[in-house]
Amino acid sequence: MRRGLTILILFFGVLIALNNKFNFMDNTEDNIPENAIRLRIVANSNDIYDQAIKLKVRDEVLEVIRPLIMKTDDVNEARMIIYNHLEDIKKAVEKVLEENELEMNYYVDYGLAYFPAKVYNNTLYPAGKYESVYIVLGEGEGDNWWCVLFPTLCVMDFATTDNDIDSDNVEYSFLIIEKIKEWLKHK
């Protein structure tokens, strides 16, 4: 019994690895555009308080960037807007830290930043270096939050905060099972 389960897990692991290598189940409609600009905020730690601060920084930074980015469809113009407003982004981070009486180092940069792989809505976003506004709070050892800043995909999610999520309506799934379902649909 144990051996059969091990073989089954190994089989599905290989199937997922092959999918990632050869893109058998590529879902291009949800992929991030090549010229996207991301926003990544890394928390000080995974402590509940540090994670809450990260989300407050997210809200404040999006409040600063949202009205500026929504005015353009051109990636080069978006780049210039972000570059010209980096000080405003830093002030937004500083504001959150001051309001919460935190003396914490932080780092705000714009350029290429490493993003870990992420599965969102059954789509795998591969790890790599991407153009982004990159914010690190404190030691930067906590979980990160990221979205696509341009085109304005994360602005749509801005209205939904963690407090708005109804825990009774949370849907759980397993990546392996979802990949098998996807694979069977393509057959």
**Message:** Modelling each spin label as a point 7 Å along the Cα-to-Cβ direction, I'd like the D73/I9 distance in nm, to one decimal.
**Reply:** 5.1 nm
**Asked** In this model, which of K91/K118; K54/K118; K54/K90; K95/K129 are farther than 25 Å apart at the alpha-carbon?
**Response** K91/K118; K95/K129
**Asked** For segment 37-161, what's the relative contact order in percent, using C-alpha pairs closer than 8 Å and at least 6 residues apart?
**Response** 45 percent
**Request:** Using a 10 Å cut-off on Cβ atoms, rank the peptides 123-129, 87-93 from the highest mean neighbour count down.
**Result:** 87-93, 123-129
**Request:** Find how much the distance from A117 to M80 grows on full extension, using 0.36 nm per residue of separation minus their present alpha carbon separation; answer in nm with one decimal.
**Result:** 10.6 nm
**Request:** With a ≥ b ≥ c taken as the square roots of the eigenvalues of the C-alpha gyration tensor of segment 37-161, please select rounded if a/c is under 1.5 and otherwise prolate if a/b is larger than b/c or oblate if it is not?
**Result:** oblate
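Every number here is computed from the coordinates shown, using simple stated rules; none is lab data. Note that the structure is a prediction, hence the values are computed from the model and not measured. Cβ coordinates were reconstructed from backbone atoms using ideal geometry, including for glycine residues, and neighbour counts include every protein chain displayed.
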